[in-house]
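Read through the structure below, which is laid out as structure tokens, and then see the notes.
The values are calculated or read from the model by the stated rules, or taken from the named source; none is laboratory data. All figures in this text were calculated on a predicted structure; none of them were measured in a lab. Ideal geometry is used to build each Cβ from the backbone, glycine not excepted, and the neighbour counts take in all protein chains shown.
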Amino acid sequence: MPVAAPSQAAHRAPDGTAPVRPGGALRGVPQPRPTDRFAEMLVAVLSGQRPVHAMLRHSAGQAYDELIRLAERGPLRTRGARPVVRDIGWFVPREGAIEAFARIGAGDRLRAMAFRLERGRDLRWRCTAVELGGPR
């Protein structure tokens, strides 16, 4: 299944590590992709491990309101196994935007989560949309 790499991947070395940056980042230290970080943050909020306001500065537009609505229902709260991100895929529809999906597992349950990230003028990624699919 072909998946387009985020635009930041073009700035990585061929081995997938981050290049040397002015100011001290060492080459060879893998940097997490924004899709990975946001998937983990969203799972933490939707499972009740973190409060919704933890996403306030990491979201824009209607995404924060949708997160509030979703978190009230506690869709990823479980008794027993904590939800984990099992797989992430993404597509880059244009420069500065990433549409991602993640498979979330908790025990024998599997859920689907989709989210959109957009890079602002300050070069920070923000979640601008989030949806959660039902259990299977």
| task | Kindly indicate the residue of segment 106-136 that is closer than 17 Å to Leu67 by Cα, among the hydrophobic types (A, V, I, L, M, F, W, C) and buried (at least 17 other Cβ atoms within 10 Å of the Cβ) and also modelled with the lowest pLDDT among those meeting that condition. | result | Leu132
| Is there a residue in segment 29-48 that is without any contact (Cβ under 8 Å) to a residue 40 or more places away in the chain, surrounded by fewer than 13 Cβ atoms within 10 Å (Cβ to Cβ) and in a helix (DSSP H, G or I)? | no
| note | Of Arg82, Arg103, Arg69, the only residue that is basic (Lys, Arg), under 16 Å from the mean Cα position of the chain (by Cα) and either at pLDDT 85 or above or assigned to a helix (DSSP H, G or I) (or both) is Arg103
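Looking at Gly74, Gly96, Gly89, Gly80, which is the one that is surrounded by fewer than 17 Cβ atoms within 10 Å (Cβ to Cβ), out of contact with any helix residue (DSSP H, G or I) (no Cβ under 6 Å at 6 or more places or on another chain), touching a residue at least 60 places away in the same chain (Cβ under 8 Å) and on the phi > 0 side of the Ramachandran plot?
Within the list Gly74, Gly96, Gly89, Gly80, the selection yields Gly96.
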| remark: Leu56 passes all but one of the listed conditions (1) more than 17 Å from Arg124 (Cβ to Cβ); (2) in a helix (DSSP H, G or I); the exception is number (1)
| request: Output the number of the condition that Ala9 fails; it satisfies all remaining conditions of (1) assigned to a loop (DSSP other than H, G, I, E, B); (2) farther than 17 Å from Val84 by Cβ; (3) at pLDDT below 85. | output: (1)
| task | Restrict the check to segment 31-41 and report whether at least one residue is touching an Asp or Glu at 6+ places or on another chain (Cβ under 7 Å) and modelled with pLDDT under 85. | result | no
